[in-house]
Amino acid sequence: MNIYSFLKSLGIAEPSGSGWLAVVFTFLLALVVTWSLIPRIRTFALRVGWADQPNARRLNKEPLPNAGGLAIYGGVIAAVTLASLLRPIELENVLAQVLTVLLGGSILVLVGFIDDQFSLPSSFRLLVQIFTALLLVANDIGFDLTFGTPIDSTLSTLLTVVWVVGITNAINLMDGIDGLAGGVSFITAMSLLAVSAQFPNRAAATLVLAALGGSALGFLRHNFHPSKIIMGDAGAYFFGYVLAATSILGELQITTVLSVLPPVMFLLLPVLDTTQVFIGRLAAGKNPLNTPGKDHFHHRLLAWGLSQRHAVFILWSITLVFNWLGMTIRQMTPVLIIVTTLTIFILLAFTVLRKIQKA
């Protein structure tokens, strides 16, 4: 049995065996590019001062380079560009949508990087995030309410903007301890990749997710505790935006409230974390957007006496469970769910063990 026959038996509908070679190639290229770029970016960042300085809120005890998002972005763009040039999968019908996702992600990388180094007003960052969400809507990426009311289009746009902006910030807010945001992004990207691969008309989204997963794993090689570099707002915004966009890429009609559940399940941990922080700060009479604090899930685990590594392992596990439920809701075959889950676990374990051995 060749690889295509095996994958088809798992319930994956990609019609071309060469398509899966492209997915694997894209994943590995993004991993290698990101992994190899980070030491160079780290050295340069320390030289020019692109680093988070220690303070009462941060856990680092010495300047920590915050330009890892540039390596993540470079890995994804390099892999997707080369895969598109090789054209192993028909991309014509959806290439415009993928370019829109990457354009929006590129804008947020730039804004996030400037914010990392010079600090931008939160209102300006929010306006840019809304603009990039509207770019998706303009290219037919988003939720599609079909309740039969005259304001369905307006509500669809509003829901899409809230989703994209919310997830973009949720991933950023989770980036509080070594390896957390990168690991959550990797698990989610790989799970969404398995879902996307079932539909031949989502081939381009599959390649983007493969690149995102490979880049996240390459970054984790340097970011797992003790971290040598962090992704900064540039990387977190990019991860959040691309994951939010690809989770709703394709025809996603909403006829009931439960129709929103599938994309939410894949990103449920960031959603729950941000929601409880938002509500908690409002209840305390604080501005939830401009009041930094130690009230996230990872802060609570650290307060209970867990190490950064143990806290990350727990939150990774919860993320994996939520993504398993998301794949189940999307009616993936049990065998494919098991294969996807084991693949994620093995790749994370290999990366973590290599990091621990060299630490």
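The values are calculated or read from the model by the stated rules, or taken from the named source; none is laboratory data. Everything numeric in this text was worked out from a predicted model, so none of it was measured. Positions of Cβ are backbone-derived with ideal geometry, glycine not excepted, and every protein chain shown enters the neighbour counts.
Brief remarks follow.
- Output for the range 1-30, where each listed residue is at pLDDT 90 or above and in contact with a Ser or Thr (Cβ under 7 Å, 6 or more places away or on another chain): A30
- Residue match in the range 238-259 (condition: modelled with pLDDT of 90 or more, touching a helix residue (DSSP H, G or I) at 6+ places or on another chain (Cβ under 7 Å) and surrounded by fewer than 24 Cβ atoms within 10 Å (Cβ to Cβ)): no
- Flag for V80 being modelled with pLDDT of 95 or more, within 20 Å of F186 (Cα to Cα) and not basic (K, R): no
- Taken over the range 212-227, the residue count meeting the criterion of being polar (S, T, N, Q) and not in a helix (DSSP H, G or I) is 1.
- Set T319, T343: member being closer than 18 Å to N223 by Cβ and hydroxyl-bearing (S, T, Y): T319
- Wholly enclosed helices (runs of 4 or more DSSP H) of the range 268-355 bearing at least 3 residues over 22 Å from the mean Cα position of the chain (by Cα): 268-283, 297-303
- Residue-level check: of (1) farther than 25 Å from T341 by Cα; (2) at pLDDT below 95; (3) out of contact with any Phe, Trp or Tyr (no Cβ under 7 Å at 6 or more places or on another chain); (4) crowded, with 21+ Cβ neighbours inside 10 Å, L37 misses just (2).
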